[in-house]
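The block underneath contains the structure these notes are about, expressed in C-alpha cells.
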Amino acid sequence: MSASYGIVLGCPRSGTKYLMSVLGTIPDFECVSGTLLPVAVPHAVNHDPAPDIYDALATGFERALDMYLHSGRYHSRAAALQKWTRAPSGLGALWKALRGKRPLPERLIYKEPFLGFAPQFVLDALPPDTPIVHAVRDGRDCARSLVENYDVLTDEKLAHLRSAEVCMGRRQDHRYVPWWVGEGHEKTFLGSSPYVRATWMWKEIVRRCHGCFSSLEAPDRDRVMRVRYEDFVRAPAEQGAALLDHFGAAPTAATRRRLEQAHTRSIGTHRQQPSRDVRAAERVAGDELALYNYDVRTRPDPSSPLHAD
C-alpha cells in the first residue's frame, strides 16, 4: 500500500524548514526536504516543454517519492532511529527501528522551496487529494536571510547556471539574468544589489503561487493552506494545530515541545538592512508585500514598466 503525499513550498527562508520539523514530530509522517526532485525541474517546466516531456517529468516526480519509501535510505537502521528520536512512538516502534523494520508511513511530506516557481506542476504531478502548504514570509526578511546565509545572486553566482536560484537564464555581459526576470528588466536586475535581487526572486515565487492557488475552485482550493510565518511564530500552538489538521494529524507531546521553541526574533530583520536597499526592494515587490499585509513605505510607480511586469 502506497503512502499519501503532502507538499510544503514557499520561497527559501520562509520558515518551511521549521514547519517540516513540526510535521516531523508525527510518528506516521515521513518528512523529506529537497533531495528527491532535481531543483532544475521547477525551472525547466516554466519553459513550455512539449506535453509528453511535461507529463514524463510529472510522472517522474511522483515515482521518485514512491521509490524513496522502498529504498535502502528509508529502511536503514540509522534513518529509523533518527525518526524515532524525533517522534517517539513506544518501545515496540523502537525495537522495529533497531531491527531496521520500519513500516511505511501514512504520509510522505516533501519540501522543495523552488517548487514555488511551478505550483501548477505540483497540482498536475500528484494525486488530487494531496494537501499543500504554501508558506509566506516578509520578502524583505527572506532576502536578508538568503544573502546572509547563502550569499545568493551575487555577480559571481550569476556568472554560471549552476546555482539553485539560477538554473536557466539568458547571458548579459559576463553574467546570466535568471529566466524569472521579465524581458526588458535585465539592466535593472543586474544593477541591483544581491539583496534586491533576492527580493525579486521572492516576488516571482509569491506571485506564481498566489495566482495559481487563488484560481482554484472548491474542493481543490481546500487542499492548499497558506501559512504566514509571522502569524505562525506568534501563535504556534493554534497555528501548529491547524497545520497538522490540514495533513490529517493531531499534535503529540513532541509536537508541543517543538512548537514551544518558536520565537519572533526573525521578524523584521530587514530593518537592519541599509534603507536604500529596503526602498529598492519595496519598489520591486511592493504589490506582493501588500498582498500579504506587510507594511510597505515605498510603493511601486504604477507607470513603471517594472510595475506592469
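The values are calculated or read from the model by the stated rules, or taken from the named source; none is laboratory data. Quick caveat: nothing in here was measured; it's all calculated off a predicted structure. Note: ideal-geometry Cβ built from the backbone for every residue, glycine included; neighbour counts use all protein chains shown. For the accessible areas, the whole protein counts, side chains as well, though only heavy atoms, and no ligand, DNA or RNA atoms are used. Shrake-Rupley method; radii C 1.70, N 1.55, O 1.52, S 1.80 Å.
Whether a residue is among the aliphatic types (A, V, I, L, M) and farther than 30 Å from Ala235 by Cα was assessed, and Val45 passes this test. For the stretch 255-268, residues that are in a helix (DSSP H, G or I) and either modelled with pLDDT under 95 or within 18 Å of Val136 (Cβ to Cβ) (or both) total 0.
Here Thr255 passes the criteria (1) over 30 Å from Asp173 (Cβ atoms); (2) open to solvent by 10 Å² or more (accessible area, probe 1.4 Å) except the one numbered (2). Restricting the search to strands (runs of 3 or more DSSP E) fully inside the stretch 93-175 and requiring at least 1 residues that are open to solvent by less than 20 Å² (accessible area, probe 1.4 Å) gives 107-111, 132-136.
Taking the criterion of being surrounded by fewer than 20 Cβ atoms within 10 Å (Cβ to Cβ) and touching a residue at least 40 places away in the same chain (Cβ under 8 Å), the residues of the stretch 259-268 that qualify are Ala262, Ser266, Ile267, Gly268. Just one of the numbered conditions (1) out of contact with any His (no Cβ under 6 Å at 6 or more places or on another chain); (2) outside any helix (DSSP H, G or I); (3) open to solvent by 30 Å² or more (accessible area, probe 1.4 Å) is not true of Arg271: (2).
Listed conditions (1) part of a loop (DSSP other than H, G, I, E, B); (2) within 13 Å of Leu108 (Cα to Cα); (3) among the small types (Gly, Ala, Ser) are all met by Ala64, apart from (1).
Within the set Arg276, Arg208, Arg228, the sole residue that is over 30 Å from Asp155 (Cβ atoms), surrounded by fewer than 20 Cβ atoms within 10 Å (Cβ to Cβ) and out of contact with any Leu (no Cβ under 9 Å at 6 or more places or on another chain) turns out to be Arg228.
A search for C-beta distances below 8 Å between a residue of the stretch 269-293 that is free of Cβ contacts under 8 Å to residues at least 40 places away in the same chain and within 18 Å of Ser14 (Cα to Cα) and any residue that is in a helix (DSSP H, G or I) and of a type in the set (Val, Ile, Thr), counting only pairs 6+ apart in sequence or on different chains, returns Arg271/Val278. Of everything listed in (1) part of a helix (DSSP H, G or I); (2) closer than 27 Å to Asp141 by Cα; (3) open to solvent by 40 Å² or more (accessible area, probe 1.4 Å), the single unmet condition for Asp52 is (2). Just so you know, in the stretch 61-75 the residues that are of a type in the set (A, V, I, L, M) and within 20 Å of Gln120 (Cα to Cα) include one that is surrounded by the most Cβ atoms within 10 Å (Cβ to Cβ), and it is Leu65. For beta carbons closer than 6 Å, sequence separation of 6+ or different chains, a first residue in the stretch 187-200 that is open to solvent by 10 Å² or more (accessible area, probe 1.4 Å) and a second that is at pLDDT 95 or above and assigned to a loop (DSSP other than H, G, I, E, B), the qualifying pairs are Pro194/Leu153; Pro194/Thr154.
Look at Arg63 and say whether it is of a type in the set (Lys, Arg) and within 22 Å of the chain's Cα centre (by Cα). Answer is yes for this residue.
Of the set (1) assigned to a loop (DSSP other than H, G, I, E, B); (2) closer than 16 Å to Tyr292 by Cα, all apply to Ala250 but (2). Test Ala290 against the criterion of being farther than 21 Å from Ala135 by Cβ, surrounded by fewer than 16 Cβ atoms within 10 Å (Cβ to Cβ) and of a type in the set (A, V, I, L, M, F, W, C), and give yes or no. Taking the combined requirement at face value, the residue does not satisfy it. Scanning the stretch 226-250 for residues that are touching a residue at least 60 places away in the same chain (Cβ under 8 Å) and more than 23 Å from Ala143 (Cα to Cα) turns up Gly240, Leu243, Leu244, His246, Phe247, Gly248, Ala249. Among the residues of the stretch 27-34, is there at least one that is out of contact with any Leu (no Cβ under 9 Å at 6 or more places or on another chain), open to solvent by 40 Å² or more (accessible area, probe 1.4 Å), of a type in the set (S, T, N, Q) and in a strand (DSSP E or B)? Scanning the stretch 27-34 turns up at least one residue that is out of contact with any Leu (no Cβ under 9 Å at 6 or more places or on another chain), open to solvent by 40 Å² or more (accessible area, probe 1.4 Å), of a type in the set (S, T, N, Q) and in a strand (DSSP E or B). The condition (being in a loop (DSSP other than H, G, I, E, B) and farther than 30 Å from Arg140 by Cα) is satisfied by just one residue among Ser14, Ser89: Ser89.
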